[in-house]
Amino acid sequence: MGARAGLLLILPAAAILAAGFVYPVLLLARISLNRTTDIGAMEEAVTLETFEQLVGDAFTWDLAWNTATLAAGSALAATALALPVALLIRAAPPRWRGLLSLMAVAPLLVSGTARVVGWLAILGDNGVVNATLMGLGLTDDPVRMINNWTGVRIGLTESLMPYACLVLIAGLGRLDPRLEEAAATLGATRSRTFLRVTLPLAAPALLAAFLLTFVLGVSAFVTPRLMGGGRVFVIATEIFDLALESVNWPAAAALAMLLLGALAVALVLRAVLVREAAR
Amino acid sequence: MPPDAMSHLRLDGLTRRFPGTAHPAVDGVSLELPRGALLALLGPSGCGKTTTLRMIAGLETPDAGRVTVAGRDVTDLPPHRRNMGVVFQSYALFPHMTAAANIAFGLEMRGTPRAERESRVAEALALVGLGDLAARKPRQLSGGQQQRVALARALAIQPDLLLLDEPLSALDAKLREGVRDEIRALQQRVGATTVFVTHDQTEALAMADLVAVMNEGRVEQLGTPEEVFERPATRFVATFVGRAARLPGRVDGPGVVRCGEVALRAAEAPGSGAAEVFIRPHHVRPLAPDATADNILEGRVLRRTYTGDLVSLECETPAGRIQAELPGGAPGAALAAGAAVRLGFAAEDVRVFPA
Amino acid sequence: MRPGWVLRLAAMAGYALLLAPALVVAVISFSAGDFLTFPPPGLSTRWYAALFSNGELMTALRNSAVLALLVASIALLAGIPAAYAIARLRFPGRDTIATLLVAPLLLPSLVLGLALLLALQPLKLAATWPGLVLAHSMVALPFAVRIMTTAFGAVPRDVEEAAWTLGATPFRAALRVTLPIAAPGALAAGALCFLVSFDETVISLFLVGPRLSTLPVEMFRYAETRTDPLVAALAMALIAVALVVVLLVERLVGFTRAMGRE
């Protein structure tokens, strides 16, 4: 089977890809260059007007700042919390490793909405945390942890953790456990071994995990929307509202293009950093 | 040699160069093989023997050259239209099929009716002595059994040519000799013209009617096992097949080569100039005081190595260091290190190659 | 070296965070109360009864199941030949197409959803079966291609070559030998594609309409507006499906491997 068979076999997939990915994404780029008239209708044009409006609007910059800080904070927390999980998996006997890994990444396949519902029940006014706090007499009124940034941060951290676990399990699996044993035989305590041997060796994997979860966090939609209860605004929620509520397609498309541009920069940065770290 | 001397397999200038490599993997290989004969392609890894086999099977496309089987040019045929039974180094059994289904596969592809298929599968299984394991999957079979299934699968299609790629390399050393003899016996019984790839000279010498010694993509020598072993055509063959003492020398005249202070008589020697002299240990004998030989060297035993059935004596002589290998109990086998020795060997056993 | 207690404690905290939401949802779905209260005031199956008697949600469940089956079938039918070509054949543009085929996974689903809305709305394909099937295929197909490329790559080449030498045309060899050996991978890919579609929320949010909606979208909207345990029962339905699929995939190829090497 030669070139012809290859092209023939790949044709159906390529056709689906062209119709469902290539064409829509090109159209998205094209529509971002259209303009919106005063009555809100879309007008064919090739102009950077919409971009100029977005970049000139302080609200866009607020959104960008909110999005970046939310993503960075949650990515950092997710990576930090995933590290002990990955280290435990690495140190576990082989027959436990499969189950422990599965438990760490299985949430990926539980619908994000379902997990948000769980957080609503944990952090809500009638939830576990508030019931405990009030039961202990630490507070009289429920602490508000949903429909605000706190809830979004917690929910997003949890939703990013499985990705951090995936990266760290793969990355740490390549480290020879005998290095730590060597450190121990040389008289290092557990904490010193961790700080002087494990952590430096894990640095590239940690960096990769942070950058991946950051990129995912920047474009997260379900968690900010549901945990924020409509009171938390990030780029993703704004794109959604522009497209479906204001029905301002050029603006939605332009904001999406800006998001893609930022992600592309982050991806390039990530490639460079990971390569540097691998040196 | 089988009586039918008409060539059944013919390779003409077969050449294959892999992209990005400096030298061709196979470089103008030509040879002929009579019907029913077994040819061993022998050489070190990377010599092009497996690539040659794959080109015969159609799994690799030659850049130049032709492959002819029974007078038919098959060079441009895809593998599935060549009717060649191939036993792969890994056996390449279909893991999802039973032994019987593996063997039936080729017949099925040929549209053989079910009834005939079944009888031929049973026949092939019986041929390799696995009649009762027909329903097993490959992973339920031992290495040796898998190898036999692979062989039965290749033979069941009654191939025009049987091709074996290092068929013994995946087996335990203990099993190898038995399987080797079995394959040879089977091949002779079925009369299948066979090409066999190996890097093991013992295997090649023990099984083959013809041996092609390959190096760097070329055939260095094509001959019977005896010819290749006793009369290596090139320095490479002399080095690769069997062991030999290698002495630097200089050709002095017709049939005379000087090594150190001694002149040795050689049956064949190149014209003149610097040369390398090969003398195989089993050709060298300690002589009784009154015995004579074409070449006689006085020397001293440096080391005696006893390996059970053989005794090997390493001797210092005026021509250089020479080994003599003789059966335990043979005259001279009891000589100890330090003893004086008189070594003799025939002129035709002295192989001289230009250095 | 055995893990010390600090590490064990920290890892347990990590696992607690990872698994807490799903566990809490499981308990609350059996609540007898009217709100998302934890611990629940009492246990009952009333919210499951409410779920199963809710016509709208049951329609959405059926839609999601049918959609996921269609998407998984299409992803396999298109993805298996493509993966075979990528793993085994040489042809011009192979690497480009291979990269493009997994590219939709790199795009945030929010952006992909928006792009699909912009493309499908003018064609009157938004909120239609063909539109949703196409949209979900964009996330399922890359998984199918990636898993099957790995699965085909793991089939030894000489097994396929053996089939050729026995007289099988390349097409028959692929069908009779390579594909059956890669079958566990195909099953895993199908299960994963089913799940990816069944759980897909963000892209669907752009493309559903009053006449055609999916379960995750209905759950999203329910969670946006109301907070009774019905939504927990709904979440459990989704988790149960996910669990079955995860266990199936784990049995077949190992889940962590299937999710990729990021």
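A few notes on this one:
- Taken as a whole, the structure leaves A:ALA19 outside the set of residues that are modelled with pLDDT of 90 or more, under 24 Å from the mean Cα position of the chain (by Cα) and within 14 Å of another protein chain (Cβ to nearest Cβ).
- Positions within segment C:26-43 being in a helix (DSSP H, G or I), in contact with a Pro (Cβ under 9 Å, 6 or more places away or on another chain) and more than 7 Å from chain A (Cβ to nearest Cβ), in sequence order: C:VAL27
- Here A:ALA92 does not fit the description of being at pLDDT 90 or above and not charged (D, E, K, R).
- Of the helices (runs of 4 or more DSSP H) lying entirely inside segment A:173-263, those carrying at least 3 residues that are of a type in the set (A, V, I, L, M) and within 11 Å of another protein chain (Cβ to nearest Cβ) are A:178-185, A:199-218, A:222-227, A:235-244.
- Filter result (without any contact (Cβ under 8 Å) to a residue 40 or more places away in the chain and more than 10 Å from every other protein chain (Cβ to nearest Cβ)) within segment B:62-85: B:GLY71, B:ARG72, B:ASP73, B:VAL74, B:THR75, B:ASP76, B:LEU77
- Any hit, segment C:189-205, residues being within 13 Å of chain B (Cβ to nearest Cβ), touching a residue at least 24 places away in the same chain (Cβ under 8 Å), crowded, with 19+ Cβ neighbours inside 10 Å and under 30 Å from the mean Cα position of the chain (by Cα): no
- A:LEU70 vs. criteria more than 9 Å from every other protein chain (Cβ to nearest Cβ), surrounded by 15 or more Cβ atoms within 10 Å (Cβ to Cβ), part of a helix (DSSP H, G or I) and not hydroxyl-bearing (Ser, Thr, Tyr): yes
- Meets criteria (modelled with pLDDT of 85 or more, farther than 30 Å from A:PHE240 by Cβ and either touching a strand residue (DSSP E or B) at 6+ places or on another chain (Cβ under 7 Å) or aliphatic (A, V, I, L, M) (or both)) for C:LEU175: yes
- Flag if A:LEU17 is of a type in the set (A, V, I, L, M), in contact with a helix residue (DSSP H, G or I) (Cβ under 8 Å, 6 or more places away or on another chain) and over 24 Å from C:ALA85 (Cβ atoms): no
- In segment B:58-95, the residues that are among the small types (Gly, Ala, Ser) and touching a Lys or Arg at 6+ places or on another chain (Cβ under 7 Å): B:GLY58
- Qualifying residue in segment C:64-71 (condition: within 28 Å of A:GLU158 (Cα to Cα), more than 11 Å from every other protein chain (Cβ to nearest Cβ) and not charged (D, E, K, R)): yes
- Single residue of segment A:87-117 satisfying the filter (outside any helix (DSSP H, G or I) and more than 22 Å from the chain's Cα centre (by Cα)) that is farthest from A:SER159 (Cα to Cα): A:PRO93
Table: residues versus (1) modelled with pLDDT under 95; (2) more than 10 Å from chain A (Cβ to nearest Cβ); (3) outside any helix (DSSP H, G or I); (4) under 29 Å from B:LEU59 (Cα atoms).
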site	(1), (2), (3), (4)
C:GLU56	yes, yes, no, no
C:GLY79	no, no, no, yes
C:ILE86	yes, no, no, yes
C:LEU107	yes, no, yes, no
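- Count - residues of segment C:88-105 that are at the interface with chain A (Cβ under 8 Å from one of its Cβ atoms) and among the aliphatic types (A, V, I, L, M): 5
- The residues in segment B:18-33 that are under 27 Å from B:GLN158 (Cβ atoms) and either part of a loop (DSSP other than H, G, I, E, B) or without any contact (Cβ under 8 Å) to a residue 40 or more places away in the chain (or both) can be counted, and the count is 1.
- Pairing residues of segment A:69-98 that are under 15 Å from A:LEU172 (Cβ atoms) with residues that are not hydrophobic (A, V, I, L, M, F, W, C) and not in a helix (DSSP H, G or I), at Cβ distances under 8 Å and at least 6 apart in sequence or on separate chains, gives A:LEU87/C:PRO3; A:LEU88/C:PRO3; A:ARG90/A:PRO177; A:ALA91/A:PRO177; A:ALA91/C:ARG2; A:ALA91/C:PRO3; A:ALA92/C:PRO3.
- Cross-chain or 6+ apart pairs with Cβ under 7 Å, segment C:86-106 first and surrounded by 19 or more Cβ atoms within 10 Å (Cβ to Cβ), then among the charged types (D, E, K, R): C:ILE86/C:ARG94
- Restricted to segment C:120-161, and to residues there that are over 17 Å from C:LEU105 (Cα atoms) and of a type in the set (Lys, Arg), the residue that is nearest to the other protein chains (Cβ to nearest Cβ) is C:ARG157.
- Restricting segment A:118-148 to residues that are closer than 19 Å to A:LEU160 by Cα and in a helix (DSSP H, G or I), the residue that is nearest to the other protein chains (Cβ to nearest Cβ): A:GLY118
- Of the listed requirements (1) more than 14 Å from chain A (Cβ to nearest Cβ); (2) outside any helix (DSSP H, G or I), C:ALA49 misses just one: (2).
- Those strands (runs of 3 or more DSSP E) of segment B:215-308 in which at least 1 residues are in contact (Cβ under 8 Å) with a residue 12 or more places away in the chain and in contact with a helix residue (DSSP H, G or I) (Cβ under 6 Å, 6 or more places away or on another chain), considering only elements entirely within it, cover B:218-223, B:262-265, B:273-279.
- Residues located in segment C:6-25, provided they are more than 7 Å from every other protein chain (Cβ to nearest Cβ) and over 13 Å from A:VAL85 (Cα atoms): C:LEU23
- Residue count for segment C:206-251, restricted to those that are assigned to a loop (DSSP other than H, G, I, E, B), touching a helix residue (DSSP H, G or I) at 6+ places or on another chain (Cβ under 9 Å) and over 30 Å from C:LYS124 (Cβ atoms): 3
- Index of the failed condition, A:ALA75 passing every other in (1) more than 8 Å from chain C (Cβ to nearest Cβ); (2) surrounded by fewer than 24 Cβ atoms within 10 Å (Cβ to Cβ); (3) touching a Phe, Trp or Tyr at 6+ places or on another chain (Cβ under 9 Å): (2)
- Selection count, segment B:80-138, where residues are surrounded by fewer than 16 Cβ atoms within 10 Å (Cβ to Cβ) and either out of contact with any Pro (no Cβ under 8 Å at 6 or more places or on another chain) or in a helix (DSSP H, G or I) (or both): 16
- Residue in segment A:152-171 that is touching a residue at least 12 places away in the same chain (Cβ under 8 Å), of a type in the set (Asp, Glu), more than 26 Å from A:ALA68 (Cα to Cα) and facing another protein chain (nearest Cβ under 9 Å) present: no
- Of everything in segment A:28-50 that is part of a helix (DSSP H, G or I) and surrounded by fewer than 18 Cβ atoms within 10 Å (Cβ to Cβ), the residue that is farthest from the other protein chains (Cβ to nearest Cβ) is A:GLU49.
The values are calculated or read from the model by the stated rules, or taken from the named source; none is laboratory data. All values derive from a computational prediction rather than experimental measurement. Counting neighbours? That spans all protein chains shown, and the Cβs are built from the backbone with ideal geometry, glycine included.
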